[in-house]
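Notes to accompany the following structure.
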Amino acid sequence: MNAIHRLLVLPLLALSCGAQGLEFIKAHYTKYEYQIAMRDGKKLFTSVYLPKDTSQKYPIMLDRTPYNVAPYGVDNYKGALGPSEKFAREGYIFVYQDVRGRYLSEGDFVNMTPHLEVKRGPQDIDESSDTYDTIDWLVKNLPGNNGKVGMWGISYPGFYTAAGIIDAHPALKAASPQAPITDWFVGDDFHHNGALYLPHAYRFFSSFGHPRPEPTVPQPAAPQINLPDAYSFFLSMGPLANVDEKYFKHDVPFWTEMMQHPTYDEFWQARDLGRHLKNIKPAVMTVGGWFDAEDLYGALNTYKTIEKNSPGANNILVMGPWCHGCWARADGDSLGPVRFGSKTSQFYRDEIEFPFFEYWLKGKGDPKLPEALVFETGTNQWRREDAWPPADAQPKSLYLRADGQLSFDPPAEPAAAFDEYVSDPAKPVPYISQQSPGMTREHMLEDQRFASTRTDVLTYQTGELAADVTLSGPLTPSLFVSTTGTDADWVVKLIDVYPEDYPNPSPNPADLHMGGYQQLVRGEAMRGRFRHSYSKPEPFVPGKMEKVEYAMPDINHCFRKGHRIMIQIQSSWFPLVDRNPQKFVDIYQAKAADFVKATERVYRSGNGASCLKVNVRSAR
């Protein structure tokens, strides 16, 4: 979702495209509200919409959310039900539930509730058990249900969907975790490889993170701090400790907890849902967007983990050219100035999502969905794959070469060959070229021409491509580096450079010049102290060459003939990523004096051949 607005906190209505309309819902559904008791006695508030037509039985579609199931009251109806318009028109029972500790549900809310592998009694609860107990009550008590349940949810509700398929109730036949949160330290939302995504975390918890002392309906949102320019705001704020001191005033418990856990310790490991995704019984369709700024990691890793740990499970992946949740709304024909050639979101809703649930919950038709249905950007076409990553993708490396060149051939320069730049925390590299109040969704394919001009950004590119080059699957930066400091961040960006004669959009109200556009395909930061372990950070020895290698989220992109492939490397990406002091201290408790300049070297020699490891598809 667009992080300029209330990050992640979108009511389901905003995520439903083509709303059926309030009058249609009232004419065809009757709303009921229940407090459903869990095994420990706590009751969860649940809103149910039953079809008025009782001539047949219907499956149940369940959405569990921390964001509220408004509107409250049996006379107040949602204007749209289900993942998309077709569901309400074809007939389902729709169920929305406030998760434990949120809004009108009892109990204590825990962010990313740790899963309990062993439950010794009714007091041992988690989101898997709450889902099981909810479904058990629904199938036994809702009239006219056919005994089959489906779940779906985007972002945080995607986490609850993924948790629900663990030790699942037998009635849960199909589930679609969409952009699910899986790990808040390694790759989802607030940390990427241990680096804090500052504006995203700040804006989310400033609204979502305040405690709820007792059950309540949604209250008017507190006024948001006006951030016309997040770069200036977060730079002038100073060290991270000032967030609590100046703004949160110690009233956002999870922010405080984050600041107390700067490494991948038991606090974060317990919230890694992926390690529990095994022995999965329901059919699972995981959905994600190649340009999702929030939970791209979660989508890819949910699919891959189930595939690895639940052999034989009916487990498929859908990836489109979407921002966070954009498959559930609008047309999906563009993002920012980049066009995708078709209404990809509408195609997904009508031809993928709806048939998936119709088949598993009603036995209607067979969508014959492949193992992976993935959109190939660049050529703008859907690809049906038998495996993901594709089996025919061959590992190769793009090597950094002298004079800003980039090549599939390794370098033969002397051992001392390197490029260097000065990284200054007082003047960090901006992540976008314009002002913004927070994390934009469009930065995932932002034009990087502004960054190419900076002296603290290294740029390498190929010549014009003589033929299409398609990269599919994960990317792995493998850098040989040194620093004059004792810590450093390493940001690697893979970029598609358009030819100078690339046509401008028509119409073109923003007067965009797409010739020479440097489209970000994938960018990812690595906090250098975690290069060997997220749990046991290590300082750099000043001046000593070390290898920094890490995983970036998958891509499926074709660099067209006449384009160029570019890689940029830098040590700040602000304010998207919080500033590294470049001194080995606890960054969450760092003082202003800890932030120092450092000279960063990236080596490109025979025994220090920095590269980006990729997977190249054969020509098709």
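Looking at (1) crowded, with 20+ Cβ neighbours inside 10 Å; (2) not in a helix (DSSP H, G or I), can you tell me which one Val217 breaks?
(1)
Among residues belonging to the stretch 128-170 that are open to solvent by 10 Å² or more (accessible area, probe 1.4 Å) and touching a Gly at 6+ places or on another chain (Cβ under 7 Å), point out the one that is nearest to Met285 (Cα to Cα).
Ile154
Let me spell it out: the conditions are (1) of a type in the set (Lys, Arg); (2) touching a residue at least 40 places away in the same chain (Cβ under 8 Å); (3) out of contact with any Asp or Glu (no Cβ under 7 Å at 6 or more places or on another chain), and Lys368 meets all of them except one. Which number is the exception?
(2)
Of all the residues that make up the stretch 522-569, how many are more than 20 Å from Pro262 (Cα to Cα), touching a strand residue (DSSP E or B) at 6+ places or on another chain (Cβ under 9 Å) and open to solvent by less than 30 Å² (accessible area, probe 1.4 Å)?
Adding up the residues that qualify gives 17.
Within the stretch 435-487, can you find the residues that are farther than 25 Å from His563 by Cα, outside any strand (DSSP E or B) and polar (S, T, N, Q)?
If the condition is that a residue be farther than 25 Å from His563 by Cα, outside any strand (DSSP E or B) and polar (S, T, N, Q), then Gln435, Ser436, Thr440, Thr484, Thr486 are the ones that fit.
I'd like to know if the stretch 188-195 contains one or more residues that are open to solvent by 10 Å² or more (accessible area, probe 1.4 Å) and under 20 Å from the mean Cα position of the chain (by Cα).
yes
Those residues that are buried (at least 16 other Cβ atoms within 10 Å of the Cβ) and in a strand (DSSP E or B), I need them from the stretch 365-391; list them, please.
Those that are buried (at least 16 other Cβ atoms within 10 Å of the Cβ) and in a strand (DSSP E or B): Ala372, Leu373, Val374, Phe375, Glu376, Thr377, Trp382, Arg383, Glu385.
Select, from Arg620, Arg604, the only residue that is open to solvent by 40 Å² or more (accessible area, probe 1.4 Å) and not hydrophobic (A, V, I, L, M, F, W, C).
None of the other options fit; the residue is Arg620.
With respect to Leu494, is the statement that it is of a type outside the set (S, T, N, Q) and open to solvent by 20 Å² or more (accessible area, probe 1.4 Å) true?
When the stated conditions are applied, Leu494 does not pass them.
Tell me, yes or no, whether the stretch 478-489 has at least one residue that is surrounded by 18 or more Cβ atoms within 10 Å (Cβ to Cβ), of a type in the set (Ser, Thr, Tyr) and in contact with a Lys or Arg (Cβ under 7 Å, 6 or more places away or on another chain).
yes
Answer yes or no as to whether Ala619 is more than 30 Å from Trp382 (Cα to Cα) and of a type outside the set (Phe, Trp, Tyr).
Against the criterion (more than 30 Å from Trp382 (Cα to Cα) and of a type outside the set (Phe, Trp, Tyr)), Ala619 does not qualify.
Which of the residues belonging to the stretch 402-417 are in contact (Cβ under 8 Å) with a residue 12 or more places away in the chain, open to solvent by 60 Å² or more (accessible area, probe 1.4 Å) and under 23 Å from Ser572 (Cα atoms)?
Gln405
Report yes if Met319 is in contact (Cβ under 8 Å) with a residue 40 or more places away in the chain and outside any helix (DSSP H, G or I), otherwise no.
yes
Based on this model, can you work out whether Asp75 counts as open to solvent by 40 Å² or more (accessible area, probe 1.4 Å) and either within 30 Å of Pro228 (Cβ to Cβ) or modelled with pLDDT of 95 or more (or both)?
The answer is yes for Asp75.
Tell me, please, whether a residue that is aromatic (Phe, Trp, Tyr), at pLDDT 95 or above and open to solvent by 40 Å² or more (accessible area, probe 1.4 Å) can be found in the stretch 26-46.
Within the stretch 26-46, one or more residues are aromatic (Phe, Trp, Tyr), at pLDDT 95 or above and open to solvent by 40 Å² or more (accessible area, probe 1.4 Å).
The values are calculated or read from the model by the stated rules, or taken from the named source; none is laboratory data. All of these numbers come straight from a predicted model, not from anything done at the bench. All Cβ positions, glycine included, derive from the backbone under ideal geometry; neighbour counts span all protein chains shown. With ligands, DNA and RNA removed, areas are computed over all heavy atoms of the protein, side chains included. Shrake-Rupley method; radii C 1.70, N 1.55, O 1.52, S 1.80 Å.
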